[in-house]
1. Between Phe15 and Ile195, take the C-beta separation as r, use R0 = 45 Å, and let me know the FRET efficiency to the nearest 0.05.
2. Tell me the label-point distance for the pair Leu202, Val137, using the 7 Å Cα-to-Cβ offset, in nm and rounded to one decimal.
3. Quick one: what do you get for segment 3-216 if you divide its Cα Rg by 2.2 N^0.38 Å?
4. Among 72-79, 24-31, what's the highest-first ranking by average C-beta atoms within 10 angstrom per residue?
5. How much FRET efficiency would the formula 1/(1 + (r/R0)^6) give for Asn158 and Val179, where r is the Cβ-Cβ distance and R0 is 45 Å, rounded to 0.05?
6. Any idea what the relative contact order of segment 3-216 is, in percent, if you count C-alpha pairs under 8 Å spaced at least 6 apart?
7. Sequence-distant or interchain residues sharing an amide H contact under 5 Å with Thr155, placed H: which?
8. Quick check on segment 7-76: what are the equivalent-ellipsoid semi-axes from the Cα gyration tensor, as sqrt(5λ), descending, whole Å?
Amino acid sequence: MFVGHFAAGFAAKSFAPKVSLGTLILAAALPDVLWILFFATGIEQVVIQPRIMVANSLNLVYIPFSHSLLMNAVWGALFGGVYFLWRRDPRGAWILFAAVLSHWLLDFVSHRPDMPLAPGIDMRFGLGLWNSRLATVIVEGALWFGGLFLYVRTTRPNKRAGVYVFWSVIVVLTALWLVSLGGDPPPSLASLAIINTIFFMLVEAWAYWMNRIRPARSKMAREGVTV
Ligand SMILES: [Zn+2]
């Protein structure tokens with residue numbers, strides 16, 4: 001998924017208002033960040049195969065370390081654990097763990113059966129939502145709408161940019177997502193890695209900024225730290 005993972009980060013803000021939106025989105029997208037690192041270094045294997053699915057042109061040949069259910073639980077435990085040691089916020093740590101784990105579930109829904117259970121186990125799963133653009137727009141669009149709804153209900157802008165910059169970027173992300181459903185193959189794996197890394201760093205910078213100018217409404221969150 002694409003905006004579906006961001007939606008998980010937005011929705012998580014309503015369950016853990018003390019945790020920064022940037023940290024929540026990083027957790028929800030963490031397996032994809034690791035995936036770029038792993039295929040760029042040859043640990044995992046991806047092949048560009050145009051139209052392998054209607055809305056996707058990547059054959060994920062070998063992705064057990066970034067995208068297996070077991071490893072997503074391990075990355076989630078590490079991510080949540082580090083956050084807990086740093087902030088002593090058990091609720092935030094559990095929500096970050098769940099956000100990382102949500103990645104497997106969302107990719108399982110959208111991918112063809114290429115989602116592994118654990119390294120060394122050759123069974124792979126996927127419901128293949130990407131075989132239908134219409135079904136993807138409906139399902140992922142509903143997640144996107146739901147995540148944004150929860151986030152907007154949980155936070156309140158304290159600067160104008162918290163409205164204008166926030167919604168401008170949401171429009172851009174929505175447009176990029178719809179374009180991505182065209183399923184056009186990337187020119188090369190190197191360009192895929194570079195473009196995705198730059199794109200994700202920009203999204204993260206925006207999310208951490210938005211977290212400062214759209215603080216949580218709840219009293220609990222205002223008294224707490226935001227990181
Ligand atoms: Zn993924």
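1. Values: r = 31 Å, r/R0 = 0.70.
That gives a FRET efficiency of 0.90.
2. 2.4
3. Working: Rg = 16.9 Å, N = 214, 2.2 N^0.38 = 16.9 Å.
Normalised Rg, Cα atoms only: 1.00.
4. Details: 72-79: 18.1, 24-31: 25.1.
Those peptides, ordered most packed to least, come out 24-31, 72-79.
5. Details: r = 33 Å, r/R0 = 0.72.
Computed FRET efficiency for Asn158 and Val179 comes out at 0.85.
6. 30
7. Sorted by chain and number, the residues that satisfy this are Arg217.
8. Values: eigenvalues 144, 45, 19 Å².
Equivalent-ellipsoid dimensions as semi-axes: 27, 15, 10 Å.
Every number here is computed from the coordinates shown, using simple stated rules; none is lab data. Nothing here was measured: the structure is a model prediction, and the numbers come from that model. In this analysis, Cβ positions are derived from the backbone assuming ideal geometry, glycine residues included, and neighbour counts consider all displayed protein chains.
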